[in-house]
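The values are calculated or read from the model by the stated rules, or taken from the named source; none is laboratory data. Note that this is a predicted model, so its numbers are computed, not measured. A quick note on method: Cβ atoms are made from the backbone with ideal geometry, for glycine too, and the neighbour counts reach across all protein chains shown.
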Amino acid sequence: MANPLSESRRDGAPLANPNVILYLAARFLWMAAFQIVNVAVGWLVYDVTKSAWALGLVGLAAFVPKLAVAFVSGVVADRYDRRRIMAMCLMANGVATLGLVLVVLMPEISLGAVYALFMLSGTARGFANPAVQSLAANLVPREQLSRMMGMASSLSQFAVILGPALGGFLYLGGPWTPLALATLCFFCAGGLIFVIRVQFEARSKAPVTFSDAMAGLSYIWQRPIILGAMSLDMFSVLLGGVTALLPIVASEVLHTGPVGLGILRAMPAVGAMMLGLFLTWMPIRRRAGMKLFVATAIFGAATIGFGLSQSMVLSMGFLWLIGASDVFSVVIRQTLVQAETPDHVRGRVSAVNALFIGASNELGEFESGATAALFGLVPSILLGGIGTITVALLWAVMFPGLRRRDHLVEPG
């Protein structure tokens, strides 16, 4: 069997490798399916409960299992075939989403069943994330990795744009409709991954020790620049994220339906994709650290603007700016993690990275729902934006090496 890395070197382009095309297609379907599910379930839960707390619990149900398997999943990704891990997890997500279809078709919707299925989905995603991130580095040679990550990021952002809009539109036909499409996408993505042919170097099957499980965290902890970038992104999105509250904003503030909710959820991805494409032509060359902190402060300011807005157009604009500023941290974090981590520990480092992302997203949704239930919708959004700006200022002092970082990948 031909070595895919040799084919990539000979042809000089990642897309000349059919395994890369299969991987990118599967990743696109995976991301789109998750966005469709998130929009459908978010609107469903709020429509049934009218409760910000109930919306927050959706994010918590997705995050808790990720936390439980975070360090084990990294070891699994480093010891076993990442392709098979990813494929099986995608199939498990398809089963969980099929369960959601059955739940919404019942005469009376059980929120307990919805949360339980989200926990199943979160467990599968907890094992999938390290494998997904690490598998990319096994498909192309190192010199093509940045192009590979750029393609994957652009496709992911397009999926985050298309998924919410499609999910909101299909919801008009009933909540089962978008969930059925998401189920099909998960199963198709899993099938595509199974077709990939890549040589995987077998790792030791010796019993897992505590130090093995903690190797990724230890690696990051000893590198303040990586730790600073990852934790800055985590706390800024944890505090300033507004995704979980969009069903309330769409219903109570902007007085729009599920289609409007889909548009609102897509706007951060529109901003991220547009700026991401700009960065492919004008990459971050100098003063990367300072630009990271400025972008984080802009993220917080845009969150405050969104909280004060009562206009659909203005709200879309602020969400666009939130996504555009956030993509800076994504580019910096992914470049630092993937380029500077050796392959034998890459799965465990990716698992910690995925845990940070999960904390900022799903746990951030719980935080948003809880603070909105306690303080009200607008105050919770404003406090989140102020908190994000505060974190940017504190991190600039706490991580001077990150603030002074000039090049993303230092020469030599």
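Here are the numbers:
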{"read-out": "Residue check, residue 114 free of Cβ contacts under 8 Å to residues at least 40 places away in the same chain and touching a Leu at 6+ places or on another chain (Cβ under 9 Å)", "value": "no"}
{"read-out": "Of the criteria (1) closer than 14 Å to residue 45 by Cα; (2) at pLDDT below 85, which one residue 130 fails", "value": "(1)"}
{"read-out": "Selection status of residue 74, at pLDDT below 85, over 25 Å from residue 356 (Cβ atoms) and surrounded by 18 or more Cβ atoms within 10 Å (Cβ to Cβ)", "value": "no"}
{"read-out": "Candidates 117, 105, filtered to the one that is touching a helix residue (DSSP H, G or I) at 6+ places or on another chain (Cβ under 8 Å) and surrounded by fewer than 18 Cβ atoms within 10 Å (Cβ to Cβ)", "value": "105"}
{"read-out": "Lone unmet requirement of (1) surrounded by 22 or more Cβ atoms within 10 Å (Cβ to Cβ); (2) at pLDDT below 75; (3) out of contact with any Leu (no Cβ under 6 Å at 6 or more places or on another chain) for residue 35", "value": "(2)"}
{"read-out": "Qualifying position, being over 19 Å from residue 189 (Cα atoms), buried (at least 21 other Cβ atoms within 10 Å of the Cβ) and either modelled with pLDDT under 85 or of a type outside the set (Asp, Glu) (or both), among 23, 46", "value": "46"}
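Yes/no per residue for (1) in contact with a helix residue (DSSP H, G or I) (Cβ under 7 Å, 6 or more places away or on another chain); (2) at pLDDT 80 or above; (3) crowded, with 23+ Cβ neighbours inside 10 Å:
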residue: 257; (1), (2), (3): no, no, no
residue: 276; (1), (2), (3): yes, no, no
residue: 279; (1), (2), (3): yes, no, no
residue: 285; (1), (2), (3): no, no, no
residue: 309; (1), (2), (3): yes, yes, no
residue: 313; (1), (2), (3): no, yes, no
residue: 317; (1), (2), (3): no, yes, no
residue: 323; (1), (2), (3): yes, yes, yes
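Residues are listed down the side, and each one gets a yes or a no for (1) surrounded by fewer than 24 Cβ atoms within 10 Å (Cβ to Cβ); (2) out of contact with any Leu (no Cβ under 6 Å at 6 or more places or on another chain); (3) modelled with pLDDT of 85 or more; (4) farther than 23 Å from residue 348 by Cα:
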{"site": "40", "(1), (2), (3), (4)": "no, no, yes, yes"}
{"site": "54", "(1), (2), (3), (4)": "yes, yes, no, yes"}
{"site": "66", "(1), (2), (3), (4)": "no, yes, no, no"}
{"site": "70", "(1), (2), (3), (4)": "no, no, no, no"}
{"site": "96", "(1), (2), (3), (4)": "yes, no, yes, yes"}
